[in-house]
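Q: The structure follows.
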Amino acid sequence: MLPLVFGTMIEKIDSSKLIFLTYESPTLQGFRRRALRTKNEILAYLIGEVWNDKKGGMKCAHIYELYYPELAVSNPDEVRPSECAPRGSIGTIHSHPEIGTLGPSLDDIHSAILEGEKIYGIYSYFTREKGQRTIARTQWFSPNRVVVVN
Ligand SMILES: [Zn+2]
């Protein structure tokens with residue numbers, strides 16, 4: 001596994017192993033607000049585009065909006081939609097409430113591959129002690145590339 005990619009390090013990595021992600025910030029802020037209102041995992045489909053940049057042969061992705069499907073399961077450890085992915089979906093984002101570790105679970109990795117997700121996001125958050133600020137982080141993954149958020 002490659003480590004997280006920051007700034008100048010990116011230039012040392014074969015760009016065919018990367019996917020450059022941009023998104024509409026208010027959309028993602030909306031997801032975070034929704035996630036923090038419940039102790040259960042929530043999920044949304046990422047409506048966007050993935051394309052090859054003509055110049056550098058780079059893979060790019062942009063998220064325009066989120067679609068919140070009806071959920072078949074939504075508990076503190078699991079979330080599952082009861083609808084098919086809508087047209088234009090390039091992946092999903094889901095939350096990990098109150099989990100001290102960051103990153104995807106094995107189930108997350110497997111389902112991203114099986115569902116053909118190009119990109120998936122995980123919004124993890126936890127409160128260290130009562131009254132302390134919630135620690136939160138959104139991480140992006142791809143089944144076959146390292147995601148670089150632009
Ligand atoms: Zn998960």
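What follows draws every value from the coordinates through simple rules; no lab data is involved. Keep in mind it's a predicted model, so treat the numbers as computed, not measured. Neighbour counts run over all protein chains shown; Cβ positions are idealised from the backbone, glycine included.
Q: On a full-extension model of 0.36 nm per residue, what is the gain between residue 132 and residue 106, subtracting their alpha-carbon distance, rounded to one decimal in nm?
A: 6.4 nm
Q: Among the lysines, which fall within straight-line cross-link reach of residue 39, defined as a Cα-Cα distance under 23 Å, with same-chain neighbours fewer than 8 residues apart omitted?
A: Correct list for residue 39: 130.
Q: Another one. Which distance in nm do the two modelled labels at residue 13 and residue 64 give, with both placed 7 Å along the Cα-to-Cβ direction?
A: 2.8
Q: For the chain, take the longest principal axis of its alpha carbons; what is the angle in degrees between that and the long axis of helix 25-36, to the nearest 10 within 0 to 90?
A: Result, in degrees: 30.
Q: In straight Cα distance, which lysines are under 16 Å from residue 118, not counting same-chain residues fewer than 8 positions off?
A: 17, 59
Q: Let me ask you something else. Among DSSP beta bridges whose residues both lie in the stretch 9-148, state the antiparallel percentage, nearest 5.
A: Approximately 60 percent, going by the DSSP bridge assignments.
Q: In terms of the Cα gyration tensor, with a ≥ b ≥ c the square roots of its eigenvalues, is the stretch 9-148 rounded because a/c is under 1.5, prolate because a/b exceeds b/c, or oblate?
A: It is prolate, given that a/c is not under 1.5 and a/b is the larger ratio.
Q: Taking amide H atoms as placed 1.01 Å from N in the peptide plane, list the residues 5 or more away in sequence, or in a different chain, whose amide H sits under 5 Å from that of residue 147.
A: For residue 147, the qualifying residues are 19, 142.
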